[in-house]
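The values are calculated or read from the model by the stated rules, or taken from the named source; none is laboratory data. The structure displayed is predicted, hence computed values, not measured ones. Here Cβ is always computed from backbone atoms with ideal geometry, including for glycine, and neighbour counts include all displayed protein chains. Side chains are part of the model used for accessible areas, which takes the heavy atoms of the whole protein and leaves out ligands, DNA and RNA. Shrake-Rupley method; radii C 1.70, N 1.55, O 1.52, S 1.80 Å.
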Amino acid sequence: MERLIPILLLLGSNVFMTYAWYGHLRDLKHAPLMVAILSSWFVALFEYCLQVPANRIGAQYYTLPQLKVMQEIITMAVFAIFSTVYMRQNISWDYVAAAVCLVVAAFFMFRGVALTG
């Protein structure tokens, strides 16, 4: 169960990160650039409040390469949902192919690793 905590924290972190990076394109598109920068920076603070503990806790259970690949897969999943639901843009087959490549990367990173206990 403890191994799940960093994954859940990374999931939350990526929600904030994705919004900080791209949410201003919809919500602040008519605002001055400095407003978008400061707003994104403020949202990114919450991302770091989840990401730092996720990596600290995760380092007890996973290697750094495993944490990185896990984070990239979570990022792709969160971005796909954000892009289609919030930004109303379609996901292309190239995006799906890239996501499959990340899943293959995860296979190699976690091959032979028991994820229980």
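Of all residues in region 52-70, those satisfying the criterion of being open to solvent by 40 Å² or more (accessible area, probe 1.4 Å) and either part of a helix (DSSP H, G or I) or of a type in the set (Val, Ile, Thr) (or both) are Val52, Pro53, Asn55, Arg56, Ile57, Thr63, Leu64, Pro65, Lys68. The listed residues are Leu10, Leu38, Leu33, Leu25, and the only one of them that is surrounded by 15 or more Cβ atoms within 10 Å (Cβ to Cβ) and either in contact (Cβ under 8 Å) with a residue 24 or more places away in the chain or over 16 Å from the mean Cα position of the chain (by Cα) (or both) turns out to be Leu10. Pairs are defined by a Cβ separation below 9 Å, a sequence spacing of at least 6 or placement on different chains, a first member in region 95-111 that is under 16 Å from Phe79 (Cβ atoms) and in contact (Cβ under 8 Å) with a residue 12 or more places away in the chain, and a second member that is of a type outside the set (A, V, I, L, M, F, W, C) and open to solvent by 40 Å² or more (accessible area, probe 1.4 Å); the pairs so defined are Leu102/Glu72.
Suppose we keep only residues that are hydroxyl-bearing (Ser, Thr, Tyr) and part of a helix (DSSP H, G or I) within region 77-99. Which one would you say is surrounded by the fewest Cβ atoms within 10 Å (Cβ to Cβ)?
Keep residues of region 77-99 that are hydroxyl-bearing (Ser, Thr, Tyr), which gives 83-84, 86, 92, 95.
Then keep just the ones that are part of a helix (DSSP H, G or I); that gives 83-84, 86, 95.
Details: Ser83: 16, Thr84: 12, Tyr86: 14, Tyr95: 14.
Across region 77-99, the extreme among qualifying residues is Thr84.
Scan region 54-62 and tell me whether some residue there is in contact with a Ser or Thr (Cβ under 7 Å, 6 or more places away or on another chain) and within 23 Å of Phe107 (Cα to Cα). Yes, region 54-62 contains at least one residue that is in contact with a Ser or Thr (Cβ under 7 Å, 6 or more places away or on another chain) and within 23 Å of Phe107 (Cα to Cα).
Which one of Gln66, Gln71 is out of contact with any Leu (no Cβ under 8 Å at 6 or more places or on another chain) and either at pLDDT below 95 or farther than 25 Å from Asp27 by Cα (or both)?
The unique qualifying residue is Gln66.
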